[in-house]
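J.: Quick one: this structure, given as structure tokens, is what I'll be asking you about.
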Amino acid sequence: MRSCILLSLGLLGSALAQTTSVDTYVATESPIAKAGLLANIGPNGSKSSGAKAGVVIASPSTSNPNYLYTWVRDSSLVFKVLVDQYTAGTDTSLRGLIDDFVTAEATLQQVTNPSGSVDTGGLGEPKFNIDETAFTDPWGRPQRDGPALRSIAIVTYANWLLDNGNTTFVSQTLWPIIQLDLNYVANFWNQSTFDLWEEVDSSSFWTTAVQHRSLREGSSLATRIGQTSSVAFYKAQADNLLCFLQTYWNPSGHYITANTGGGRSGIDSNTVLASIHTFDPAAGCDASTFQPCSDKALSNLKVYVDSFRSIYPINNGIASNGAVATGRYPEDVYQGGNPWYLSTMAVAEQLYDALYVWDTQDSLTVTSISLPFFQLFDSAIQSGTYPSSSSAFTTLTSAIRTFADGFIAIHAKYTPSGGALAEQFTKSNGAPTSAVDLTWSYAAALTGFAARSATNVASWGAAGLTVPALSNMEQYVNYLIGLVVI
Ligand code: NOJ
Ligand code: NOJ
């Protein structure tokens, strides 16, 4: 009995110590991450010389790997962070930079490139030179997440401008840019794409999830400004995307299969990133949109995290329910196949998002699908709904917060003293490796930290959606299409 009490006091003590050190890390790393991100944006960023105004370089690294290019995906995720900070009033100095970004992306949309011209698929081009010319070497193209992510970032800005009475700029300047991206998504979502890691040419959960979000938000914006001609088309394609999204769930493996191709397990950070970047607190723990606290997304998180426990030496000796370093996917060999800062942070972010919703709705629900996840924190827990007044709720949420903080603690442990964030840290000893100062690593740190303090929590229209039922004929056609694809 006594040893049990001592043990639990010991665990409590270490959880408190971890909270304090994570608090400290968040406080010191936040301004470093923000500065690191801004340094990589032209024309004045200190590490982005040569980049045109509003152009985000992926990293200043020019060899092994050469990332001195601008990717639509990375840039849009980076500017979503800045738009969120600007529209929340956290940083009111960002308006000029955001306008530069919009102008730069409008230029890139019109640059004919190996994926096509603006009207023939060119919006799917993943990367450009930082002087806004086309990159013409062989590459994994197209990547169809780019237009979706870009429209999500710009729609957030547009909605804020409308709230503040600037209708003209939205209708005349932003809408034509957004509309090109929405049309691209609506027209091409059903065609194969290279995944976000630029390797697998198939359908990709991440891409489908962000495309779905983009068409929902885009059709709401279009309605709001009276641009209704394509709204029915966008909504119909959004329904199709939501329907298709369901097919990535692997019911026997209890995880989301990241890509329909690729010849791998399909366990992949793609899916965790999709959940956090399509988080909508108003949707509660909805599983059809794979919300962070949904049973499917939590089960997926456990399978994903567990897949790295035995393959990275730096994870050796960590308890089977402790936080570990995670990477893109377990089979990865790129630059040594190491843990990534942004992937490890994404796990923390999903958990904070989940905690926010449970706190807001004053309960959490354990289902047969999420039971193994919750058993990490209470081996005796059963399926059921636990109100916030129950001891199970308190025990689980406090253990899950400690687990989430554990991923930030790992991130902190392998961040060098100056706070610079590379792309990866080695699996053997945690030293930073691959691209230095990865802009996306900084952006991911900022969104993870924001989730920890529940800031910038906004909705995009995921609440109340229902997965459209397919008619028998549609099911039969899908079955035939499946046969042809295989
Ligand atoms: C292969 C990597 O896995 C991929 O992620 C990367 O974008 C390309 N090579 C180009 O560096
Ligand atoms: C490689 C990553 O796999 C890809 O997602 C990213 O866009 C580029 N590097 C640039 O950061």
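The values are calculated or read from the model by the stated rules, or taken from the named source; none is laboratory data. Since this is a predicted model, take the numbers as computed values, not measurements. Every residue, glycine as well, gets a Cβ built from its backbone with ideal geometry; the counts of neighbours run over all protein chains shown. Protein only, heavy atoms only, side chains kept; ligands, DNA and RNA dropped before computing areas. Shrake-Rupley method; radii C 1.70, N 1.55, O 1.52, S 1.80 Å.
J.: With Cβ to Cβ distances under 13 Å as the rule, what net charge do the other residues near residue 35 carry (K, R +1; D, E -1)?
T.: Once positives and negatives cancel, what remains is -1.
J.: Can you give the local net charge around residue 259? Use residues other than it whose beta-carbon is closer than 11 angstrom to its beta-carbon, Lys and Arg +1, Asp and Glu -1.
T.: -3
J.: For the stretch 394-400, what does the Karplus curve 6.51 cos²θ - 1.76 cosθ + 1.60, with θ = phi - 60°, yield as ³J(HN,Hα) per residue in whole Hz, taken in order and with x for Gly and Pro?
T.: Whole-Hz 3J(HN,Hα) from phi for the stretch 394-400: 5, 4, 5, 5, 6, 5, 6.
J.: Can I ask one more? Okay, which of the stretch 236-252 sit inside 20 Å, backbone N to the point 7 Å along the Cα-Cβ direction of residue 383?
T.: Output list for this probe position: 249-252.
J.: Any chance you could run the full-extension gain for residue 361 through residue 112? It's 0.36 nm times the residue separation minus the Cα-Cα distance, nm to one decimal.
T.: Stretched out fully, the residue 361 to residue 112 stretch lengthens by 84.8 nm.
J.: What list of ³J(HN,Hα) values in whole Hz, one per residue of the stretch 448-457 in order, does the Karplus curve 6.51 cos²θ - 1.76 cosθ + 1.60 (θ = phi - 60°) give from phi, with Gly and Pro shown as x?
T.: Taking θ as phi minus 60°, the curve returns x, 5, 4, 5, 4, 9, 6, 10, 6, 8 Hz for the stretch 448-457.
J.: Same structure again: Tell me, in nm to one decimal, what length is gained between residue 391 and residue 30 on full extension, where the rule is 0.36 nm per residue of separation less the Cα-Cα distance?
T.: 126.6 nm
J.: What percentage of the solvent-accessible surface of the chain, computed with a 1.4 Å probe over protein heavy atoms, is contributed by carbon and sulfur atoms?
T.: Working: 10390 of 18700 Å².
Carbon and sulfur together cover 56 percent of it.
J.: Another one. Amide H of residue 327 versus every other amide H placed in the peptide plane: which residues, excluding those fewer than 5 positions away on the same chain, fall under 5 Å?
T.: 340
J.: Continuing with this model, one more query. Picking from 251, 193, 313, whose Cα lies most toward the positive end of the charge dipole for the chain (charges on Cβ: Lys, Arg +1; Asp, Glu -1)?
T.: About the Cα centre, the residue reaching furthest to the positive side is 313.
J.: Now, a different point. Could you work out the relative contact order of the stretch 13-485? I mean the mean sequence separation of Cα pairs under 8 Å and 6+ apart, divided by the number of residues, in percent. Numbers along the way, then the final one.
T.: Numbers: 867 pairs, mean separation 75.8, N = 473.
Averaging sequence separation for qualifying contacts and normalising by length gives 16 percent for the stretch 13-485.
J.: If you don't mind, there's one more thing I want to ask. Provide the FRET efficiency to the nearest 0.05 for the residue 172-residue 252 pair, computing r from the beta carbons and using R0 = 60 Å.
T.: Numbers: r = 52 Å, r/R0 = 0.86.
Efficiency for this residue pair is about 0.70.
J.: Taking amide hydrogens as modeled 1.01 Å from N in the peptide plane, which residues meet the under 5 Å criterion relative to residue 255, leaving out close sequence neighbours?
T.: 250
J.: List, in order, the whole-Hz ³J(HN,Hα) value for each residue of the stretch 160-171 obtained from phi through the Karplus relation with A = 6.51, B = -1.76, C = 1.60 and θ = phi - 60°; use x for Gly and Pro.
T.: With coefficients 6.51, -1.76 and 1.60, one gets 5, 4, 5, 4, 9, x, 9, 5, 4, 4, 5, 5 Hz.
J.: Further question: Under a 1.4 Å probe, what is the accessible area of the chain per residue, stated in Å²?
T.: Per-residue accessible area for the chain comes out at 38 Å².
J.: So if I take the alpha carbon set of the chain, get Rg, then get Rh from the Kirkwood formula, what is the Rg over Rh ratio?
T.: For the chain, the value is 0.95.
J.: As a quick test, which of the pairs 52/80; 80/296; 34/427; 80/127 have an alpha carbon distance above 23 angstrom in this structure?
T.: Working: 52/80 19 Å; 80/296 26 Å; 34/427 26 Å; 80/127 18 Å.
From the list (52/80; 80/296; 34/427; 80/127), the Cα-Cα distance tops 23 Å for 80/296; 34/427.
J.: Would you please give the FRET efficiency between residue 12 and residue 417, computed as 1/(1 + (r/R0)^6) with r the Cβ-Cβ distance and R0 = 35 Å, to the nearest 0.05?
T.: Between residue 12 and residue 417 the formula returns 0.75.
J.: So, with +1 on the Cβ of K and R and -1 on the Cβ of D and E, and no other charges, what is the size of the charge dipole of the chain about its Cα centre, to the nearest 20 debye?
T.: For this selection, approximately 520 debye.
J.: So, one more: Return the whole-Å distance between the Cα centroid of the stretch 228-248 and the Cα centroid of the stretch 399-432.
T.: 38
J.: Taking H as built 1.01 Å from N, whose amide H comes closer than 5 Å to the amide H of residue 433, not counting residues under 5 places away?
T.: 423, 424, 425, 426
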